[in-house]
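Structure record follows, encoded as structure tokens.
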Amino acid sequence: MIFTSCASSDRSTNQSAPQIAANGAVNQLTARENSISQKAETASSIVRSRPQLIKKAAISLTVNSVDKTVDAVSQIINQQQGDLIGLKQQQPKSDNPRHTATIQLRVAENLLEPTLEKLAKLGTVESRNITAEDVGDRLVDFQARLTNLQKTEANLQKIMDRAGSIRDVLSVAQELSNVRETIEQINAQLKSLQNQVAYSTITLNLQAAVSSTSSQPAFGLQVQETWNKSTHSLSSFSVGLLKLGIWLIVYSPYLLIFAALVYGFNRWRRTHSPRLTQAPESTTSE
């Protein structure tokens, strides 16, 4: 009995030792996973705490020469390694004699303020404003959806590799195609937001300080303009008379009837007016 108890105790100790070691290994793995998850949560909170802003700026300048300022803006864009998005110039007209231009450019987010300072030195600043939109939540949402869809894609690929029948393979392939299409769409939206955060847009409005139109046209141009206006006036008057004649011809029956009524009324009045004047004289003589 003593030997049996000793042997059983040795076996129990030998069996409990691996279990303890396994439990210790599991605990170590669990602690390691917890530490990793805590670090991941901390990193995600740090990423979320950093604002992801889409910045847009607008500045209006009054300059002496719009053309020279446009050339200077091109040089500033090259210095800041930016991009010219759009350029629109409006030449002087009679109603708006000033030369104007609108330029849209894009620079890196950290170069927004220095670029605005350089642009402000090109003329007199009339207005200046900067707007910012925080898209941090949208970026985090897109990244989470993208990660989940990529896991779903991997699982569907595994299921497709194990699928036996053609029907199952086609069904999984269709679902896999839909998931990949959604991944491409979300990835494109994510890159677009990241690009807008990394680069800021500036809208520059330029206006010339002095009117660029000439003070007085040449003598020949004045004579030609007067001749054109007079001939146009004569043609308009002739057309008006022609229209009036057509209206009179169309309404001539009514005009004749009206003239006849007026003529008959005047004649009746003339014939009856002597009788009316004689009747009071006869009464007074009696």
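The values are calculated or read from the model by the stated rules, or taken from the named source; none is laboratory data. The structure displayed is predicted, hence computed values, not measured ones. Reconstructed Cβ throughout: ideal geometry from the backbone, glycine too, with neighbour counts over all protein chains shown. We work out accessible area using only protein heavy atoms, side chains counted, and drop any ligands, DNA or RNA first. Shrake-Rupley method; radii C 1.70, N 1.55, O 1.52, S 1.80 Å.
Pairs from the list Lys55/Lys88; Lys55/Lys158; Lys158/Lys191; Lys88/Lys191; Lys88/Lys229; Lys55/Lys121 with a Cα-Cα gap above 32 Å: Lys55/Lys158; Lys88/Lys229.
Computed from label points 7 Å out along Cα-Cβ, the spacing between Thr226 and Ala108 is 6.5 nm.
A probe of 1.4 angstrom, applied to the heavy atoms of all protein chains, finds Thr115 with accessible area near 0 square angstrom.
Taking Cα pairs under 8 Å and at least six residues apart, what relative contact order does the stretch 75-140 come out at, in percent?
Once divided by the residue count of the stretch 75-140, the mean separation gives 28 percent.
Extension gain, Asn155-His272: 0.36 nm per intervening residue step, less the Cα-Cα distance, totals 30.4 nm. Accessible area per residue (1.4 Å probe, heavy atoms of protein chains only) ranks Phe219, Phe237 as Phe219, Phe237, with the largest value leading. Taking a ≥ b ≥ c as the square roots of the eigenvalues of the Cα gyration tensor of the stretch 159-253, is the shape rounded (a/c under 1.5), prolate (a/b larger than b/c) or oblate? Here the stretch 159-253 falls in the oblate category. Assign one of three labels to the stretch 69-114, namely rounded, prolate or oblate, based on the Cα gyration tensor with a ≥ b ≥ c the square roots of its eigenvalues; rounded applies when a/c is under 1.5, prolate when it is not and a/b is larger than b/c, and oblate otherwise. Prolate is the answer for the stretch 69-114, as a/c is 1.5 or above and a/b outweighs b/c.
Rounded, prolate or oblate: which fits the stretch 94-241, taking a ≥ b ≥ c as square roots of the Cα gyration tensor eigenvalues, rounded meaning a/c under 1.5, else prolate when a/b beats b/c?
On the way: a/c = 6.15, a/b = 2.17, b/c = 2.84.
Oblate, because a/c is 1.5 or more while a/b does not exceed b/c.
Between Lys88 and Asn195, the FRET efficiency estimated from the beta carbon spacing at R0 = 25 angstrom works out to 0.60. Each other residue within a Cβ distance under 12 Å of Arg106 adds +1 if Lys or Arg and -1 if Asp or Glu, for a net charge of 0.
Expressed as a whole percentage, what fraction of the accessible surface of the stretch 66-224 belongs to carbon and sulfur atoms when a 1.4 Å probe is rolled over the protein heavy atoms? Before the final figure, lay out each step's value.
Working: 4960 of 10470 Å².
The C+S portion of the solvent-accessible surface of the stretch 66-224 is 47 percent.
With all protein chains present and a 1.4 Å probe, how do Trp268, Trp227 order by accessible area, largest first? Mind showing how you got there, number by number?
Values: Trp268 140, Trp227 165 Å².
Ranking Trp268, Trp227 by accessible area, largest first, yields Trp227, Trp268.
Between Thr203 and Ile249, the FRET efficiency from the beta-carbon distance, with R0 = 51 Å, is close to 0.25.
Between Asn64 and Glu126, residue separation times 0.36 nm minus the direct Cα-Cα distance comes to 20.9 nm. The mean sequence distance of close C-alpha pairs (under 8 Å, at least 6 residues apart), as a share of the length of the stretch 104-262, puts its relative contact order at 37 percent.
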